[in-house]
1. Could you please find all residues in region 92-107 being farther than 16 Å from residue 25 by Cα and either free of Cβ contacts under 8 Å to residues at least 24 places away in the same chain or part of a loop (DSSP other than H, G, I, E, B) (or both)?
2. How about region 108-134: which of its residues are part of a loop (DSSP other than H, G, I, E, B) and of a type in the set (A, V, I, L, M)?
3. Could you list all residues from region 2-49 that are modelled with pLDDT under 65 and at positive phi?
4. Between a residue in region 77-89 that is touching a residue at least 40 places away in the same chain (Cβ under 8 Å) and β-branched (Val, Ile, Thr) and any residue that is surrounded by fewer than 16 Cβ atoms within 10 Å (Cβ to Cβ) and assigned to a strand (DSSP E or B), which pairs come within a Cβ distance under 9 Å, given they are 6 or more apart or on different chains?
5. Quick check on region 69-79. Is at least one of its residues farther than 12 Å from residue 27 by Cα, in a loop (DSSP other than H, G, I, E, B) and among the hydrophobic types (A, V, I, L, M, F, W, C)?
6. Considering region 97-111 alone, what residues qualify as being surrounded by 13 or more Cβ atoms within 10 Å (Cβ to Cβ) and either under 17 Å from residue 17 (Cα atoms) or at pLDDT below 90 (or both)?
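The values are calculated or read from the model by the stated rules, or taken from the named source; none is laboratory data. All of these numbers come straight from a predicted model, not from anything done at the bench. Reconstructed Cβ throughout: ideal geometry from the backbone, glycine too, with neighbour counts over all protein chains shown.
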Amino acid sequence: MLLRQLTVDPDQAADAGEVVPIGSRYAVGFRARYVTAAPASDTLLITGVATTDVDLRELLWVVRPRRIRLTGGMIRTSAAVRYSLRGTVAGSGGGALLLLDEIADVSPLDSRATAVDPATRRIVAAQPLALRCP
């Protein structure tokens with residue numbers, strides 16, 4: 001269960017995620033920030049990846065939602081990553097694989113690009129992520 005029902009506020013949305021068609025379904029990568037009330041103001045990042053049908057009734061988690069505490073807008077623990085859905089590529093069995101970026105704020109060298117089978121949640125391939133800095 002999430003902290004509360006998420007709602008989209010276009011005036012406050014920042015990097016809410018991605019939607020990619022995958023056959024007759026959609027793959028959805030999401031990131032949501034949740035700020036608790038003062039005085040103990042804290043920010044949590046909720047990130048994950050799922051597939052769903054076009055009617056949004058059959059949600060299947062590829063990467064289950066993870067809650068990560070942010071400090072100064074950054075992830076401060078080395079074990080946590082945020083996910084970004086980059087697209088799809090054809091798999092060897094004719095199905096599609098999801099291309100995901102796993103971004104590690106604490107150690108950028110630990111960030112990686114992965115190809116994941118959405119049906120089995122198995123990582124088929126991985127390589128270091130080439131991060132670009134402005």
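1. Answer for region 92-107, where residues must be farther than 16 Å from residue 25 by Cα and either free of Cβ contacts under 8 Å to residues at least 24 places away in the same chain or part of a loop (DSSP other than H, G, I, E, B) (or both): 92, 93, 104, 105, 106, 107.
2. Within region 108-134, 119, 129, 130, 131 meet the criteria.
3. Matches in region 2-49: 15 only.
4. These pairs meet every condition: 88/21.
5. Yes, region 69-79 contains at least one residue that is farther than 12 Å from residue 27 by Cα, in a loop (DSSP other than H, G, I, E, B) and among the hydrophobic types (A, V, I, L, M, F, W, C).
6. 98, 99, 100, 101, 102, 103, 104, 105, 106, 110, 111, listed by residue number.
Per-residue answers, yes or no, for (1) modelled with pLDDT of 90 or more; (2) in contact with a His (Cβ under 7 Å, 6 or more places away or on another chain); (3) within 17 Å of residue 35 (Cβ to Cβ); (4) of a type in the set (Asp, Glu):
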{"residue": "63", "(1), (2), (3), (4)": "yes, no, no, no"}
{"residue": "72", "(1), (2), (3), (4)": "no, no, yes, no"}
{"residue": "82", "(1), (2), (3), (4)": "no, no, yes, no"}
{"residue": "93", "(1), (2), (3), (4)": "no, no, no, no"}
